[in-house]
1. With point charges of +1 on the Cβ of Lys and Arg and -1 on the Cβ of Asp and Glu, referenced to the Cα centre of the chain, which listed residue (Ile266, Phe47, Gly223) lies farthest in the positive direction of the dipole?
2. Pull out a ≥ b ≥ c, the square roots of the eigenvalues of the alpha-carbon gyration tensor of region 6-293, then state rounded if a/c is under 1.5, prolate if not and a/b is larger than b/c, and oblate in the remaining case.
3. Subtracting the Cα-Cα distance from 0.36 nm times the residue separation, let me have the gained length for Ala221 to Arg112 in nm, one decimal.
4. Cut-off is 10 Å between beta-carbons; in what order do Ile245, Ile293, Ile260 appear when sorted fewest neighbours first?
5. Specify the inter-centroid distance of region 182-228 and region 42-76, based on alpha-carbon positions, in whole Å.
6. Neighbour counts of other C-beta atoms within 10 Å: give me Phe180, Phe247, Phe242 arranged from fewest to most.
7. By count of other Cβ within 10 Å, fewest leading, how are Thr60, Thr234 ordered?
8. Please work out the C-alpha center-to-center distance from region 251-298 to region 139-177 and express it in whole Å.
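Read the figures in this text as sums done on the coordinates, not as results from a lab. Fair warning: this is a prediction, and the values are worked out from it, not measured in the lab. We place every Cβ from the backbone using ideal geometry, glycine too, and count neighbours over all the protein chains shown.
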Amino acid sequence: MNLEGIHHITAITGDAAGNVDFYTRVLGLRLVKKTVNQDDPSVYHLFYADEAGSAGADLTFFEYPGVERGRAGTGMVHRIVWRLASPEALGFWQERLSREGVDVTREAGGVRFEDPEGLELELRVVNTADPPLVARHPDIPADLALQGFDGVRAYSADPARSRQFLQETLGFFARGDAEFEVRGERRGSLYAYDRATTHGVSGAGTVHHVAWSSLVDDHAAWGERVLRGGGRPTPIVERFYFRSIYFGEPSGVLFEIATIGPGFAIDEPADRLGEALSLPPKFEHLRAQLERILTPLPATRST
C-alpha cells in the first residue's frame, strides 16, 4: 500500500478574480472546478489542474475576500515545485513571467518566483517517467507547459522529528536528511524541509494543506495506519469529488490523504469543467444565495 504522490495542494487567496487570471492566463492551468469551501460554503474553493483535472496537478484555493497576506513559518509549506520537461522551457517561462512583471530568479535547473499574493512557486526541469499532466493554452506549447507537481518544501524547526512517521507510517523514502520521496505505481512526488523557527501567519499567499493520493480501496486502511503510527486522523470526510482524511504530521504541516476519484467530471461534462458553479448535492439548496455573494470571476476559455 503506497501513496501515489501529491493529490492536491490547497492555498488561500484574498482575490479570486486575480487568482484566476494568474493561474489560468499566465501559468496556463485549467480551472477545472469552481465550487465552494465545504466547511464554509460562503466562500469559493477553486481548483486548477491539467486538462483532465488529474490528481498530481491540482492546485486549489479558498477565497477569503480581502484577507491580508500571510507569511509562511514553521509547520507550513512555503514553496510549491512544478515540473518542466526541458531547459528550453526554463527560458520560455523566464521570459513569459518577466513580461508579466513577475520578478524571476533563475538558478540551475529551475526558476523561482511568487504569485501576486506572495505564494512561492518554482518551475524545475525534472527527468521522470511519470506521465506529464498538461493543460491546453493558446500561448503555451504543450512541450513547454507545466507538467504537474514535483513536490513541496515546508519549514520545520526540527525535521528529524518527522522522519519516523513519514517513513514508517506513510511509506516515504528518505533522499537525504530532510528530503523524502513518496511513490506509488502511477506517480511520485517529493517532500522536503527547510529549517525555520519563526511562526507563520495564515493568510493570502500561504498554503493551507497538502494532500497525498490514495487508491479508493486503500483509503480506510490509511486512516487506521496513521492512527497506529501516533497520528490523530479525522474520520473519512466525504468531499463528493473525492474522500479525505486529515491529520498533522509531527513538524506541524497539515496533511490530507485523498482518494483518486470519483473526480471532477462526476457532475459536469469533462469538456466544460470549471465553467459554471458546481455544488455538491448537500449545498444545492444554497445555489441562489451563493451566486449572489460569490466573487464574479473572469471567463477562462471560450472553447
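1. Farthest towards the positive pole: Gly223.
2. Since a/c stays below 1.5, the shape of region 6-293 is classed as rounded.
3. This chain segment gains 35.5 nm when fully extended.
4. The order, fewest Cβ neighbours first, is Ile293, Ile260, Ile245.
5. The distance from the Cα centre of region 182-228 to that of region 42-76 comes to 15 Å.
6. Ascending Cβ contact count within 10 Å gives the list Phe247, Phe180, Phe242.
7. Least crowded to most crowded, the residues run Thr234, Thr60.
8. 26
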